[in-house]
Each structure stands twice: as C-alpha cells, then as structure tokens.
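Please treat every number below as a calculation from the coordinates, not as lab data. Worth saying up front: this structure is predicted, and the values here are computed from it rather than measured. Quick reminder, even Gly has a Cβ in these numbers, built from the backbone with ideal geometry, and neighbours come from all protein chains shown.
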Amino acid sequence: MKSQDVRKQFLDFFESKGHLIVPSAPIVLKDDPTLMFNNSGMAQFKEYFLGNGTPKSKRIADTQKCLRVSGKHNDLEEVGIDTYHHTMFEMLGNWSFGDYFKKEAIHWAWELLTEVYKIPKDILYVSVFEGNPDENVPFDQEAWDIWKTLIAEDRIILGNKKDNFWEMGDQGPCGPCSEIHVDIRSAEEKALVSGKDLVNNDHPHVVEIWNNVFMEFNRKADGSLEKLPAQHVDTGMGFERLCMVLQNVQSNYDTDVFTPIIREIETITGAKYTIKAKDEAEDKVNIAIRVIADHVRAVAFSIADGQLPSNTGAGYVIRRILRRAIRYGFTFLDTKEPFIYKLVETLSAQMGGSFPEIRSQKELCANVIREEESSFLRTLDQGLILLDTIIAKSSEKVISGKKAFELYDTYGFPIDLTALILSEKGLSLDESEFESELQKQKERSRAASKVKAGDWQILREDDDEEFIGYDHTEATVKITRYRKV
Ligand code: ATP
Ligand code: MG
Ligand code: MG
Ligand code: MG
C-alpha cells in the first residue's frame, strides 16, 4: 500500500466515524512560549483540553507535521543511527473533546489496524497503565477490560508511568495511555525472544506505532487527582512507522516516504544505500544517507512554514539540523559542494499533494538551503586547514582542548569532526580542557542572551537595499526577498 493511501485511509476511516478532518498546524509555533515546534498532534488543541475555547467539532482527525529536536522530546541524536525515529515525522491522530472515550477509541484503533489495514493480530501487542499508588493514579482496569475482548490477554502488557501516563505539566489534565506495538521480526528471531519482552526496549523491529491517551483526571496544585468533568481522547500514530509495517519492510527508510529522496541522494553523490550494511564503512554511508534524507524534510518543512535558519532560537535549531546533514555528507559521502538543496524538488513532488506549502515554497526552501550549505562548507574547508596547522605545530599526541575550542567557537568547526580527524591520525583531543572552555563560553553567552536577533532579515517589498543573498536574479525568486545580515 502506497504511503499516500495509508494516510488517506486513516483520514477516511475517522471521517466515517464522524470526525472532522482538519489540516496540520504549522510545524513552527510562533506564539507558544512553552514550545518552539509542534511535537505532537495535540499541541494545536491544547487550549481545548484546558477548557479555553471550543473546537469546531467534538471529533477531529488529522495528520500533524511534528518536529522532535528540542525540549522534552528530543530525538535528534537517534536520527539516522536508528531506523524509526525522525526529526520531522507525521503524526496521525484522532481526538474526542468531551465526546467518546476509551471504548470507542480502542475499538476503532483495533478496527482500523486489523480490518482496514489488515495487520495480523498476532504481531500486535498493547500496553495498559499499571497504576502508581505513590502518585495517586490507579491501574487502568477499564482499558484492560476493553482490550481483553479484542486481543489475547498474554499480548497485553502493563506499562509504567513513564510510558503509559500522560500529563500536560505538574498540574492540569492528565490520564493513562494505551500504546500499540508491532513485532515485525523474522520467525527465527521471534523464536529466540518473545516480542513481549522487547516492547518498550528500543528494539528496531518491535516498535510502538500508536499511542492512545485518555484524559480523565485533573491534577490539582496539591498533587491530588480529580475526575475531569468531561473526558477526552488524544491519539498519535507514527505515519512512517505504520508505512513500514504495511509495506512489509524493516526500516522507515525503506518505505516510499523516503526511497525517492534516498535514490536522489545516490544519484547525486554516487553513494549506495544498502538495506543491510555488510561492514562498518557501509554502515556509515547508510547512516549519512538516512541523516540527510531525514534532515532535508525537517529543514524544508520548517522553512516552508516560515522559520529560516539563524543564530538564535528556533532558527538556530534548524541551522544545526541542516549542519548535521551537511557534516554527515562531507565526512562520509565526500560531498564538498552544496547538494542537499537539490532534494527539495523530489520532496515537493512527493509531499506536495498532502502539504501544498512545500510545493509553493520550494524555491525559497532550495535557495535558503543552498546558501546555508555553501557557507558551512566554506567553514569546514577553512577549519580543516586550521586543524592541519594545529596538528603540524603540536609535538604531543593529545591536542589542546583550548585550540579545538577556538576552532569550534570562532570558526564554527564541529568538535566531533575534530575528534574524528584526530583519531584517524592516531591523535586525540584533551576533552576535559575543551569541556571547561565550553562551560566558560556558556556562562558568557547566558549573560549576553538578552540580545536576540536572527541573521536573516525579511526585506519589505519597497525596500531598495541591495540583494546579496543569492547569486541569481530576482526574476527567478518570486518570493519574499531575504538578505543575509
Ligand atoms: P518512542 O517511544 O518510540 O520514542 P514516543 O512514546 O516518544 O515514541 P509518542 O509521544 O507516544 O511517542 O508519540 C506517538 C507516536 O508517534 C509514537 O507511537 C510513534 O509511532 C510516533 N513517533 C514518536 N516519536 C517519533 C519520531 N521521532 N519519529 C517518528 N515517529 C515517532
Ligand atoms: Mg520518544
Ligand atoms: Mg514510547
Ligand atoms: Mg508513546
């Protein structure tokens, strides 16, 4: 089943159950002081759960563009290394605002997975909150009893507060969740260890696909719980993971969500993506390709939603994601020229149907990414020359952390690249000295953080300042003009 059909069937299914289908909220949040990026489907509905405002319908479903790269949910370091966490991903979700509750939510989740998508029941596990007397929260007997009518009891797992209880904060709405996990291992692997023992254990082929949250309590300031007057349902299913299951592959990157971008990376760089790496070198190439295929989506979708790379706040997060991709390309795919921007075309062709913003903003996305790539590649080039000089001048096997810090701080040369180059030359880095320099710098920047300014500035239409951002004429840039400052 093509990913487009997977998405459509989810929305059609919930529409048939009386849900209003709404568009995704932007990935970048401009007016929420607690959150930089949308990191779950419920973020755009938060106020309704807090009792502020009324939703357009008591039943809503959508696919939400999410980004998990900062704050409570930060998966960045996992991305590319594993095959099922992304920076940007789609979260399919259905909501009940004081309407249906556990029975319908669980029955519909099961119906969709096993009857519409036809996932075999014997590869599914579900989890139910075990309760926590210390925090006054009871075992979710109700969910257990509902699941029992649908799935064998030995496939129901008890989960702890970390995985199976959701709360908005120290106070406010909260409640137990029921997660659905899927075991896509081979029969031989299954014979060795039961899938039940691997749920919640970070196994790449026993993964969580859907979380159903039942908001039934309100936590008061004194820590006690009271029943909410109206109870809500908030669910989130990882779209790319669902596609992995339905397309019978073992990695999100082998689904048609990613393969067109991966093929394009192969064509441009000459590198080859292998489904199963046979040695460490192939594995590194694979990781680099996954990092780039993932990160271009995060960066392009953020730019399309109005967040340009910059040196502060959300812009800095986006710049760092893009630089991580550039660095993986530079180090493992030997890419010394900008190329990531070229992938925007493929992304737009593939995702533009569901997310028209990526199509309408593709020139802007490509231009900004290319500009960022050129400037960071120059930094990398200069950094390499400087690092060579440092190495040549040093008679020690351990290179000064102070010098490495200078390279990092003044020239933006990534420290992990310094460490990698040193280790390839049989040298090492004085890490504790580097750390102490970094600490000092953090203290300095904390003091200076009151001054906030992005380094891309939107020019007004009537602004006649010289345009220096790109090397082509305005005729090809039919979008808001930007000038790098
Ligand atoms: P995990 O335990 O795998 O990190 P999670 O418990 O943090 O997932 P939830 O917050 O429950 O995830 O989000 C709902 C669903 O979104 C998950 O069941 C999963 O399918 C999907 N999901 C979560 N994080 C990611 C990610 N970084 N990339 C892709 N899908 C994700
Ligand atoms: Mg997580
Ligand atoms: Mg989890
Ligand atoms: Mg979860």
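Assorted remarks:
- Cβ-Cβ FRET estimate between Ala447 and Asp31, R0 fixed at 35 Å, reported to 0.05: 0.80
- Rounded to 0.05, the FRET efficiency of the Leu20 and Glu115 pair, given R0 = 35 Å and the Cβ-Cβ distance, is 0.95.
- Full extension of the chain between Lys336 and Asp134 yields a length gain of 67.1 nm, computed as 0.36 nm times the residue separation minus the alpha carbon distance.
- Mean Cβ count within 10 Å, highest first, over the residues of peptides 48-55, 340-347: 340-347, 48-55
- Extension reserve of the Ile385-Asp170 stretch, reckoned as 0.36 nm per residue once the Cα distance is removed: 72.3 nm
- Entries in Lys162/Lys227; Lys284/Lys402; Lys272/Lys397 that, when Cα-Cα distance is taken, lie over 27 Å: Lys284/Lys402; Lys272/Lys397
- Length-normalised contact order of the chain in % [C-alpha pairs under 8 Å, at least 6 apart]: 11 percent
- The lysines whose alpha-carbon is closer than 23 Å to the alpha-carbon of Lys118, local same-chain residues fewer than 8 away aside, are Lys2, Lys8, Lys17, Lys102, Lys103, Lys148, Lys190, Lys196.
- Given R0 = 60 Å, the distance between the Cβ atoms of Gln141 and Glu396 translates into a calculated FRET efficiency of 0.40.
- Additional length obtainable on full extension of the chain from Glu431 to Gln9, 0.36 nm per residue less Cα span: 146.8 nm
- Zone of Leu50's modelled label, taken as backbone nitrogen in segment 167-210 under 16 Å from a point 7 Å along Cα→Cβ: 167-174
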